[in-house]
């Protein structure tokens, strides 16, 4: 459930993330979001494998910060989903890495339970990592420099590494309509 709420929060902010500018409508906070996909299998492969990544962030007088709501709505959220029947039960570890050679690990992705479906890995983090690390990850993702690395026990596929491509959102901070 943690992943589902984190991922939905990130996706819910995407439509406003592409606005042409920040509106001065008195809401008191702004948000931004970005979504990306890494194609793991060849596009012609009948067993499609891919990874989705979403990041969202709010700043200012965030009305839900610290509230006792039905589910926690974070100020910074990261959600990920790896789809692939052939990968199910074979992922030993996962991380986001700087896509440059030798760029290093940006964020270890904790394993979270998967229930049914074609997901091989899914998860979400709220308010982790800290603000500076989140901003760096966000900026690197926008410039095409974030890759997913999967350690597996599949022969010949012990390390799968693929770079994310942005599919939505961006740099612009936007305010919701509060009228």
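The values are calculated or read from the model by the stated rules, or taken from the named source; none is laboratory data. These numbers come from a predicted model, not from an experiment. All Cβ positions, glycine included, derive from the backbone under ideal geometry; neighbour counts span all protein chains shown.
For the range 120-154, a residue qualifies if it is at negative phi, at pLDDT 90 or above and in a loop (DSSP other than H, G, I, E, B), and the qualifying residues are 143, 145, 153, 154. Annotation note: of 100, 157, the sole residue that is in a loop (DSSP other than H, G, I, E, B), surrounded by 13 or more Cβ atoms within 10 Å (Cβ to Cβ), over 14 Å from the mean Cα position of the chain (by Cα) and modelled with pLDDT of 85 or more is 157.
Looking at 65, 89, 69, 44, can you tell me which residue is more than 11 Å from the chain's Cα centre (by Cα), modelled with pLDDT of 70 or more and more than 18 Å from residue 146 (Cα to Cα)?
Matching residue, one of 65, 89, 69, 44: 89.
Residues satisfying the criterion are absent from the range 136-148 (criterion: without any contact (Cβ under 8 Å) to a residue 60 or more places away in the chain and over 19 Å from residue 78 (Cβ atoms)).
Residues that are in contact with a helix residue (DSSP H, G or I) (Cβ under 8 Å, 6 or more places away or on another chain) and closer than 19 Å to residue 57 by Cβ within the range 94-127 comprise 96, 106, 107, 123, 124, 125, 126, listed in sequence order.
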